[in-house]
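The values are calculated or read from the model by the stated rules, or taken from the named source; none is laboratory data. Since we're looking at a predicted model, the values are computed, not measured. Cβ coordinates were reconstructed from backbone atoms using ideal geometry, including for glycine residues, and neighbour counts include every protein chain displayed. Just the protein is used for accessible areas: all its heavy atoms, side chains included, with ligands, DNA and RNA removed. Shrake-Rupley method; radii C 1.70, N 1.55, O 1.52, S 1.80 Å.
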Amino acid sequence: MKKYKITLIKGDGIGPEIVDEAVKVLDAVASCSDFSFSYEEALMGGCAYDITGDPLPKETISIALNSDAVLFGAIGGEKWDALPREMRPESGLLRFRKELGVYANLRPAVVYDELINASSLKASVVKGVDLMVVRELIGGIYFGEPKGRTADKGWNTMVYTRDEIVRIAHQAFKIAMQRSKRVCSVDKANVLDVSQLWRDTVIEVAKEYPEVELSHMYVDNAAMQLIRDPRQFDVMLTGNIFGDILSDEASMLSGSIGLLPSASVGAKIGVYEPIHGSAPDIAGQGIANPIATIASASMMLRYGLDEIEAADKIDTAIKKALSEGYRTQDLAQFDAKEVCSTSEMGSIIANYIVR
Ligand code: IPM
Ligand code: MG
């Protein structure tokens, strides 16, 4: 029997509650599959800083690299906002991504029919939306040099090398091949040299995928088109900061940021996490929506462990819970038959899998 070693990084705020529910669901799916999981917890974020003085202890990296995949909750909170930048939880997360080499961040935005009224956009605009933002994650302005800060000046640099663009472009085209075979590359090539290199390089890589239709869009227009007509998109390929912004925007098409998962993959290992943050304001109350994390566990099975059937089982169970009218508090006003807690939602989804 296959045994997968999973690193659990629960993190801060609602992180522990939502990761616990994803584990419940993973165990349910393992109980009716030919594999099992073992888990090891590792620290990252504000909690890691509080205990070890470092938001990313070295041990966390070695535990992660020694496992088959990382399931991660969320980090951060006001409590740590005043720390020097390199001690902040966010810096731990950025270093973690870099150390693990997870250069491709996959962020699907799917509108569930059951929740179509939860979107702030009209149902007629968002019905059937199913897109994937492929965001470059360990380059661009987040990491470029030089960067710095004096009393009255601050600067960062957006840098991409050809190789960095080539590898993320391949990811996007490969994913498009499993979907509707359309890639829209998003840049700011009308202004930025780095974006012109991006565009030229994506055009070159596209030659290896003749079946995929490639288009280009400036990021400002893309932000507008996402709201105007989101169904035009299949895969949106973009750099680090544009992808950060566009994926938050895309998440709102679905109505709740509590629903959407993400995968960060590279040559070595993948990190699977909800796209939302640690929501310290609701932590510990049992009202957080665990679905984004449970869906991230499904992405872990699909993209990291190649257990497609098991991933499908989780996705089907999530849809079933929603179509039966189970809602956590964030979605209580949208056709709820029953409002449930974080852990009830986890159990409902787990039970649909086992049955
Ligand atoms: C995200 C977050 C992070 C990012 C922060 C917390 C560093 O916004 O994962 O989208 O900007 O990448
Ligand atoms: Mg973000």
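Could you list, in sequence order, the residues of segment 245-289 that are within 16 Å of ligand 2 (Cβ to nearest atom), at pLDDT 95 or above and surrounded by fewer than 21 Cβ atoms within 10 Å (Cβ to Cβ)?
Correct list: Ile245 only.
Anything in segment 315-355 that is crowded, with 16+ Cβ neighbours inside 10 Å, touching a strand residue (DSSP E or B) at 6+ places or on another chain (Cβ under 6 Å) and either among the aromatic types (Phe, Trp, Tyr) or outside any loop (DSSP other than H, G, I, E, B) (or both)? List them, or say none.
Matches in segment 315-355: Tyr326, Arg327, Val339, Ile348.
Mind checking which pairs have a first residue in segment 169-191 that is closer than 12 Å to Arg135 by Cα and a second that is open to solvent by 70 Å² or more (accessible area, probe 1.4 Å), Cβ under 7 Å, 6 or more apart or different chains?
Sorted first by the residue in segment 169-191, then by its partner, the pairs are Asp187/Tyr218.
Answer yes or no: is there a residue in segment 182-205 that is farther than 20 Å from Tyr103 by Cα and open to solvent by less than 30 Å² (accessible area, probe 1.4 Å).
Taking every residue of segment 182-205 in turn, at least one turns out to be farther than 20 Å from Tyr103 by Cα and open to solvent by less than 30 Å² (accessible area, probe 1.4 Å).
Output the number of residues of segment 120-154 satisfying the condition of being free of Cβ contacts under 8 Å to residues at least 12 places away in the same chain and open to solvent by 50 Å² or more (accessible area, probe 1.4 Å). Can you show your working first?
Going residue by residue through segment 120-154, those that are free of Cβ contacts under 8 Å to residues at least 12 places away in the same chain are 122-124, 146-154.
The next check asks that each one be open to solvent by 50 Å² or more (accessible area, probe 1.4 Å); those that pass are 122, 124, 146-147, 149-154.
Total satisfying the criteria: 10.
Report, by residue number, each residue of segment 155-173 that is open to solvent by 60 Å² or more (accessible area, probe 1.4 Å) and among the charged types (D, E, K, R).
Arg162, Asp163, Arg167
Please specify each residue of segment 1-50 satisfying the condition of being in contact (Cβ under 8 Å) with a residue 60 or more places away in the chain and part of a loop (DSSP other than H, G, I, E, B).
Scanning segment 1-50 gives Asp12, Gly13, Ile14, Cys32, Ser33, Gly45.
To keep it simple, each residue is scored yes or no on (1) over 20 Å from the mean Cα position of the chain (by Cα); (2) open to solvent by less than 70 Å² (accessible area, probe 1.4 Å); (3) over 22 Å from Asp315 (Cα atoms); (4) β-branched (Val, Ile, Thr).
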position	(1), (2), (3), (4)
Asp34	yes, no, no, no
Leu56	no, yes, yes, no
Ile63	yes, yes, yes, yes
Leu94	no, yes, yes, no
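Before we move on, is Leu71 modelled with pLDDT of 95 or more, under 17 Å from the mean Cα position of the chain (by Cα), away from ligand 1 (no atom under 14 Å from the Cβ) and not β-branched (Val, Ile, Thr)?
Spelling it out, Leu71 is indeed modelled with pLDDT of 95 or more, under 17 Å from the mean Cα position of the chain (by Cα), away from ligand 1 (no atom under 14 Å from the Cβ) and not β-branched (Val, Ile, Thr).
Looking at segment 332-345, I want the residues that are under 13 Å from Asp20 (Cβ atoms) and have a partner that is assigned to a loop (DSSP other than H, G, I, E, B) and of a type in the set (A, V, I, L, M) with Cβ atoms under 8 Å, at least 6 apart or on another chain. Which pairs are those?
Final answer for the pair search is Ser341/Ile287; Thr342/Ile14; Thr342/Ile287; Thr342/Ala288.
Give the residue that is most open to solvent (accessible area, probe 1.4 Å), with candidates limited to residues of segment 214-244 that are more than 15 Å from ligand 2 (Cβ to nearest atom) and of a type in the set (Phe, Trp, Tyr).
Among residues in segment 214-244 that are more than 15 Å from ligand 2 (Cβ to nearest atom) and of a type in the set (Phe, Trp, Tyr), the one most open to solvent (accessible area, probe 1.4 Å) is Tyr218.
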